[in-house]
1. Looking at segment 280-298, I want the residues that are in a helix (DSSP H, G or I) and have a partner that is more than 13 Å from the ligand (Cβ to nearest atom) with Cβ atoms under 7 Å, at least 6 apart or on another chain. Which pairs are those?
2. Could you tell me which of the residues VAL290, VAL275, VAL279 is within 16 Å of the ligand (Cβ to nearest atom) and over 17 Å from the mean Cα position of the chain (by Cα)?
3. Given the residues ILE104, ILE89, which is the only one that is surrounded by 18 or more Cβ atoms within 10 Å (Cβ to Cβ) and within 16 Å of the ligand (Cβ to nearest atom)?
4. Which one is nearest to the chain's Cα centre (by Cα), of the residues in segment 191-235 that are assigned to a helix (DSSP H, G or I), more than 16 Å from the ligand (Cβ to nearest atom) and not charged (D, E, K, R)?
5. Within the group SER185, SER202, SER192, which residue is open to solvent by 40 Å² or more (accessible area, probe 1.4 Å) and of a type outside the set (A, V, I, L, M)?
6. Looking at (1) at pLDDT below 95; (2) under 21 Å from ASN72 (Cβ atoms); (3) in contact with a Ser or Thr (Cβ under 7 Å, 6 or more places away or on another chain), which is the one condition that is false for PHE298?
7. Please verify whether GLU34 is modelled with pLDDT of 85 or more and part of a helix (DSSP H, G or I), treating the condition exactly as stated.
8. Count, please, the residues in segment 66-106 that happen to be part of a loop (DSSP other than H, G, I, E, B), within 26 Å of ASN201 (Cα to Cα) and not β-branched (Val, Ile, Thr).
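The values are calculated or read from the model by the stated rules, or taken from the named source; none is laboratory data. None of these values were measured; they are calculated from a predicted model. Note that we place each Cβ from the backbone using ideal geometry, even for glycine, and neighbour counts take in every protein chain shown. For accessibility, only protein heavy atoms count, side chains too; no ligands or nucleic acids. Shrake-Rupley method; radii C 1.70, N 1.55, O 1.52, S 1.80 Å.
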Amino acid sequence: MTLFKLTLLAKACIITGLALTSPTLIAAEKTIPELVDAVNGTPDAASREAGKKVKLRNHTKGFCTSGYFAPNPELQDSLTIPFFNQSQIKVTARFSLGGTNPQISDKTPGRFMSLKIDGDKENLNFVTTNVPVFFASNLDDFFTFQTKVKQGAEGKQWLIDNKPDAKAFFDYVKQLPPSPSFANSRYFGVNSFLFTDKQNNSVAGKWIFEPVAGTAALSASELANLGDDFLKAELLQRINTQPAQWNLYIQLAESGDDINNPTVIWPETRKRLLVGQVVINGDRDSDPQVQQCDKGIFNPLLLPKGIAPSADPILNAEGSPHKSAIA
Ligand code: HEM
């Protein structure tokens with residue numbers, strides 16, 4: 001067993017307090033490189049080499065832009081997170097579609113938003129999706145899902161028949177209409193974090209970004225009149241005249257809510273705290289940092305004081321691959 005595997009195993013033991021035979025620990029046998037290969041569809045040396053040549057990576061189709069984050073001053077009444085004690089914090093954003101195919105059509109329903117919020121002393125990164133329910137609750141299922149979807153219709157059917165979490169994910173995606181704009185999608189950080197409140201207690205919650213422009217769905221006739229590439233031009237044109245904005249909330253857990261399982265959606269009625277507003281206006285788009293934002297800089301475990309990761313095994317594996325996928 002490698003040092004890395006041992007570390008993961010130890011971490012899982014400390015965090016979950018589970019017996020050594022638990023599925024979480026079996027799942028923790030998967031290393032980050034194995035998971036990344038499963039995501040990128042590069043399980044052997046030859047396909048890895050080919051992948052590097054074409055710069056194969058997950059979420060290949062996407063683009064970078066910029067703006068700022070305006071924290072809600074009232075948040076300090078309930079939580080102690082000094083990072084949000086600033087008036088405006090610069091944001092580097094990447095909007096993307098899922099998968100490794102750079103030609104994937106924008107008519108597919110998946111929308112993703114990654115943000116890097118860089119303060120004076122601390123940073124906060126997000127990787128978010130418009131699907132609130134994740135397809136796996138542990139690394140073993142994550143690996144199986146990624147491997148099976150690469151096998152096409154047959155693999156997908158296997159998942160539907162054998163993995164209820166994957167089936168719930170596919171069912172959600174099936175009823176999700178494609179949005180006409182990245183600015184008309186909600187985005188979810190499916191994992192939970194622990195936030196420090198005014199009494200120095202830890203409270204669990206999940207990130208939710210609500211579009212100020214509202215959600216919108218493309219009709220069948222609108223879809224028929226669109227090409228496969230419209231999202232990038234639409235957003236860049238939009239922000240020339242008015243910014244794309246989202247209100248960022250923390251959805252708070254209630255006792256009994258499953259905090260460490262991203263396949264579970266908490267009821268929409270859960271109390272929310274308004275953290276602030278993401279304003280994407282393209283103001284720093286010519287900065288090299290923004291232009292090169294797709295070089296793998298989004299790490300959801302990069303957190304300021306007052307925010308800590310939950311014990312969710314997906315979240316705890318997420319940090320490394322989002323930093324460097326094909327290195
Ligand atoms: C074990 C868990 C996960 C693994 C192993 C994983 C793996 C990866 C990999 C390999 C990439 C490509 C990174 C790059 O080339 O720079 C990626 C990108 C991404 N992932 Fe994940 N992922 C995981 C969980 C998640 C979750 C839970 C979400 C959403 C809630 C998510 C959202 C994204 C997004 C939005 C990107 C694109 C980043 C960008 O815009 O550059 N991932 N992930």
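1. If the second residue must be more than 13 Å from the ligand (Cβ to nearest atom), the pairs left are VAL290/SER66; VAL290/ARG284.
2. Values: VAL275 fails: within 16 Å of the ligand (Cβ to nearest atom); VAL279 fails: within 16 Å of the ligand (Cβ to nearest atom).
Just one listed residue meets the conditions, VAL290.
3. Details: ILE89 fails: within 16 Å of the ligand (Cβ to nearest atom).
Answer to the selection: ILE104.
4. So in segment 191-235, the residues assigned to a helix (DSSP H, G or I) come out as 220-224, 231-235.
Subset that is more than 16 Å from the ligand (Cβ to nearest atom): 220-224, 233-234.
From what's left, not charged (D, E, K, R): 220-221, 223-224, 233.
Numbers: ALA220: 28, SER221: 30, LEU223: 26, ALA224: 29, ALA233: 23 Å.
Among those residues, the one meeting the criterion is ALA233.
5. Working: SER185 fails: open to solvent by 40 Å² or more (accessible area, probe 1.4 Å); SER192 fails: open to solvent by 40 Å² or more (accessible area, probe 1.4 Å).
Residue meeting the stated conditions: SER202.
6. The failed condition is (2).
7. On the way: modelled with pLDDT of 85 or more: yes; part of a helix (DSSP H, G or I): yes.
Taking the combined requirement at face value, the residue satisfies it.
8. Let us first name the residues in segment 66-106 that are part of a loop (DSSP other than H, G, I, E, B), namely 72, 78, 80-81, 85-88, 97-106.
Filter again for within 26 Å of ASN201 (Cα to Cα), leaving 72, 78, 80-81, 85-87.
Those still in the list that are not β-branched (Val, Ile, Thr) too: 72, 78, 85-87.
Adding up the residues that qualify gives 5.
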